[in-house]
Amino acid sequence: MSTDSIPSPKRREFLGRVAAGAVALGLSSRIPSAFAAEPARSADQTPSDKWISAITGKHRQVFDAPNHENGWALLHVRNYLNTLRDTYHATKPDVTAVVSIYGLGTMQAFNDDMWKKYNLGAASKVMDTSNAPATANVFAKAPAGSPSLAISGGPLPIPADASISALQERGAVFILCNNAYNVWMGLLSGGDATKAAALRKEFDANMLPGVYLVPAMVVAINQAQKNGCTYMYV
C-alpha cells in the first residue's frame, strides 16, 4: 500500500466529521471518498455569536428544529408569537423567538436561485403544491396573493405568515449551523474539496437576509438557554 493513500490526521478528522454529519442529516448512507479539506469561508460569512445580541425580548424561546417538517416547525413559531400577542398582549420587541436551521432543514437558509440551480427540493425532500420537488425556497415566503406556503406533505396548509421572512418581521431570529452547512457543501460537491470551496462561496452570497451563521447548533442552543430562552423541540 502506498503511503499516499493513507489519510493524514487532519484529513481523517474531516472525513469523520462529514460522515457523522451526513448520518445525522439522513442524507446518505455512502460518503464520497474525495474529501480533502473543509470548504473555505468567505470573510463576511464567518460564524460568530453576533446573533445573541438580537435576543432582546422579555419573552424568549428557542425552537430546536433539526428538520423542516414541511413547514410544521415554522408553524410552531407562528403559534408562539400569535398566542403571546392575542392572549398576553406581548409583541416585538418584547418577544423573541430563536429558530434553528440545521439537519435536513439546512437549505431553508438560501434563496430561490440556489434551490433551482442545485435541485434542493429533491435533496431536502421538500415537495411543492404540485407534489413535485420544490424549485424555490418555499419556506422563505409565500407566493404572491397566496394564503399559504407552497408546500405539500403536511397535515394542513402552512399559513403565509409562517414564512421565514414574515416571522423575521415579527422579531424571530434564525440561526444557521456552520457544521451542517459544511456537510451539505461536501455532499452537493460529490466530495470534491475544490468544488466544495467554490460552492461555499456561491451559497454564502445567496443566503437569506437576516440569517445568522453560528459555529455549531449544539453550542448555540445552549447559549440561547444561557441567555434566558426556554426550549422547545419542533
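Assess whether T96 counts as being touching a Lys or Arg at 6+ places or on another chain (Cβ under 8 Å) and either open to solvent by less than 50 Å² (accessible area, probe 1.4 Å) or in a strand (DSSP E or B) (or both).
yes
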Search result, residues across the stretch 161-177 that are open to solvent by 30 Å² or more (accessible area, probe 1.4 Å) and not hydroxyl-bearing (S, T, Y): D161, Q168, E169, R170
Cβ-Cβ under 8 Å pairs, at least 6 apart or on other chains, the stretch 205-234 side closer than 14 Å to L176 by Cβ and outside any helix (DSSP H, G or I), far side open to solvent by 40 Å² or more (accessible area, probe 1.4 Å) and modelled with pLDDT under 95: L213/T46
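Here is a yes/no grid of residues against (1) out of contact with any Lys or Arg (no Cβ under 7 Å at 6 or more places or on another chain); (2) free of Cβ contacts under 8 Å to residues at least 40 places away in the same chain; (3) among the hydrophobic types (A, V, I, L, M, F, W, C):
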| residue | (1), (2), (3) |
| --- | --- |
| G121 | yes, yes, no |
| D128 | yes, yes, no |
| T135 | no, yes, no |
| C177 | yes, no, yes |
A65, sole failed condition from (1) modelled with pLDDT of 95 or more; (2) closer than 19 Å to W184 by Cα; (3) among the hydrophobic types (A, V, I, L, M, F, W, C); (4) open to solvent by 50 Å² or more (accessible area, probe 1.4 Å): (4)
Residue match in the stretch 41-58 (condition: surrounded by 20 or more Cβ atoms within 10 Å (Cβ to Cβ), in contact (Cβ under 8 Å) with a residue 24 or more places away in the chain and part of a strand (DSSP E or B)): no
Test: residue in the stretch 124-143 that is assigned to a helix (DSSP H, G or I) and crowded, with 20+ Cβ neighbours inside 10 Å: yes
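Could you please let me know if P147 is at pLDDT below 95 and open to solvent by 50 Å² or more (accessible area, probe 1.4 Å)?
no
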Odd one out for M207 among (1) open to solvent by 10 Å² or more (accessible area, probe 1.4 Å); (2) closer than 21 Å to K141 by Cα; (3) of a type outside the set (F, W, Y); (4) more than 13 Å from the chain's Cα centre (by Cα): (4)
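The values are calculated or read from the model by the stated rules, or taken from the named source; none is laboratory data. Computed from a prediction, not measured in an experiment: that's the story for all the values here. Using ideal geometry, Cβ is built from the backbone for each residue, glycine included, and neighbour counts are taken over all protein chains shown. Heavy atoms of the whole protein, side chains included, go into the accessibility calculation; ligands, DNA and RNA do not. Shrake-Rupley method; radii C 1.70, N 1.55, O 1.52, S 1.80 Å.
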